[in-house]
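Chemist: Take a look at the following structure, please.
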Amino acid sequence: MKQAIYLFAVGILLSSCSSLYIPNVPNTPMLSSQGELSASGHISLKGNASFNSAYAVSDHFGVLLNASAMSNNRQKKDFKQSLLETGAGYFTTFGPENNRILEIYAGLGRGSSDRSVKENTELGLITADRQEISFRKYFLQVNYSSKDQKNLTLFRKNFPLNYGTAIRISSVTMKEFIRNDILQPVEDNIFIEPVFFTRMALNKTVQLQYTSGSNFGLKNRKFLTAGSSVFTIGFVINVGGLSTNGY
């Protein structure tokens with residue numbers, strides 16, 4: 001819990017930086033057996049919406065499909081981004097009750113971002129700087145989670161809690177960068193993106209999820225910079241999979 005609070009605080013401090021890449025919520029489906037389907041939707045305070053899905057093709061192999069979209073319009077700055085990802089990987093359960101899950105996924109994606117910086121002039125509000133990019137992304141992530149470790153009691157009813165963490169390494173490279181209608185040199189960066197999540201099971205298939213984390217860049221860049229926090233609330237639906245002591 002202390003680590004999650006620390007990462008969230010760091011993310012808030014870094015969020016003042018401007019980047020043309022805003023991370024989506026990593027897909028943490030917690031797959032446990034063949035035929036299990038996971039689907040989730042998350043929303044951040046800045047309006048970044050992430051939609052993740054996963055399917056267990058076998059007892060240890062899963063596929064992912066992720067999408068995110070953001071449209072944040074402010075008085076002095078507008079920002080839009082769209083991203084589509086696909087991936088696949090390995091998962092396994094372990095522990096006395098098979099309630100611990102390890103997942104390793106790799107994948108790729110494509111996206112675009114558009115940022116407009118506005119200024120007040122005698123003629124009114126004008127766009128002083130517009131930056132448009134298209135980019136490609138490769139990622140590798142490791143998820144570790146535990147099912148039904150604790151219960152939250154509300155209105156005399158127990159709600160099982162699931163905890164987990166994901167560490168994602170994302171390589172992001174601009175395919176094209178246009179600034180004020182002029183082609184610019186492209187940039188690239190490698191991001192370390194750790195997140196922590198807590199899920200509260202509302203029933204057998206639906207869970208409420210809180211996610212917090214941040215991203216850190218390994219390269220010094222002007223436009224593909226780190227510093228965008230991940231702080232979202234969402235719902236997760238899992239159909240199938242191994243049963244636990246909770247629902």
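Chemist: Rounded, prolate or oblate: pick one for region 45-189, where a ≥ b ≥ c are the square roots of the eigenvalues of its C-alpha gyration tensor, a/c under 1.5 means rounded, and failing that, prolate if a/b is larger than b/c, else oblate.
Modeler: On the way: a/c = 3.92, a/b = 1.82, b/c = 2.16.
Oblate shape, in that a/c is at least 1.5 and b/c is the bigger or equal ratio.
Chemist: What is the packing order of peptides 82-95, 21-34, taking the mean over residues of other C-beta atoms within 10 Å and listing the highest first?
Modeler: My ranking of the peptides, most packed first, is 21-34, 82-95.
Chemist: Something else: Output the relative contact order of the chain, whole-number percent, from Cα pairs under 8 angstrom with separation of 6+ residues.
Modeler: This gives 22 percent for the chain.
Chemist: Okay, next question. Can you give the charge dipole size of region 108-247 about its Cα centre, rounded to the nearest 20 debye, using +1 on the beta carbon of Lys and Arg and -1 on the beta carbon of Asp and Glu? Could you put the intermediate results ahead of the total?
Modeler: Values: 18 positive and 11 negative charges, 149 e Å.
So the magnitude is around 720 debye.
Chemist: When the Karplus curve 6.51 cos²θ - 1.76 cosθ + 1.60 is applied with θ = phi - 60°, which whole-Hz ³J(HN,Hα) does each residue of region 65-74 get, with x for Gly and Pro?
Modeler: Residue by residue, region 65-74 yields 9, 10, 8, 8, 8, 9, 9, 10, 10, 10 Hz.
Chemist: Asn180 versus Phe235, label points 7 Å from Cα toward the beta carbon: distance in nm?
Modeler: For Asn180 paired with Phe235, the spin-label model returns 4.6 nm.
Chemist: Taking the Cα centre of the chain as origin, work out the dipole magnitude from +1 charges on Lys and Arg Cβ and -1 charges on Asp and Glu Cβ, in debye rounded to 20.
Modeler: Dipole about the Cα centre, nearest 20: 500 debye.
Chemist: If amide H atoms are built 1.01 Å from N in the plane of the peptide, which residues on other chains or at least 5 residues away come under 5 Å of the amide H of Ser214?
Modeler: Amide H neighbours of Ser214, under 5 Å, 5+ apart: Val230.
Chemist: Within the chain, how many Lys pairs sit with Cα atoms under 13 Å apart, leaving out pairs fewer than 8 places apart on the same chain?
Modeler: Working: Lys46/Lys77; Lys46/Lys80; Lys76/Lys118; Lys77/Lys118; Lys137/Lys175; Lys147/Lys204.
Within the chain, the lysine pair count is 6.
Chemist: While we're here: Measure nothing fancy, just the Cα-based angle from helix 2-14's long axis to the longest principal axis of the chain, in degrees from 0 to 90, nearest 10.
Modeler: Helix 2-14 and the main axis of the chain meet at about 10 degrees.
Chemist: With unit charges on the beta carbon (Lys/Arg positive, Asp/Glu negative), name the residue among Leu152, Ser171, Gly89 whose Cα is farthest towards the positive pole of the charge dipole of region 2-238.
Modeler: The one lying farthest along the dipole's positive direction is Leu152.
Chemist: Please state the shape class of region 116-207: rounded when a/c is under 1.5, otherwise prolate if a/b exceeds b/c and oblate if not, all from the C-alpha gyration tensor.
Modeler: Since a/c reaches 1.5 but b/c is at least a/b, the shape of region 116-207 is classed as oblate.
Bear in mind that the values in this text are calculations on the coordinates, not laboratory data. Given the structure is predicted, the values throughout are model-derived calculations rather than measurements. Note that each Cβ is placed from the backbone with ideal geometry, even for glycine, and that neighbours are counted across all protein chains shown.
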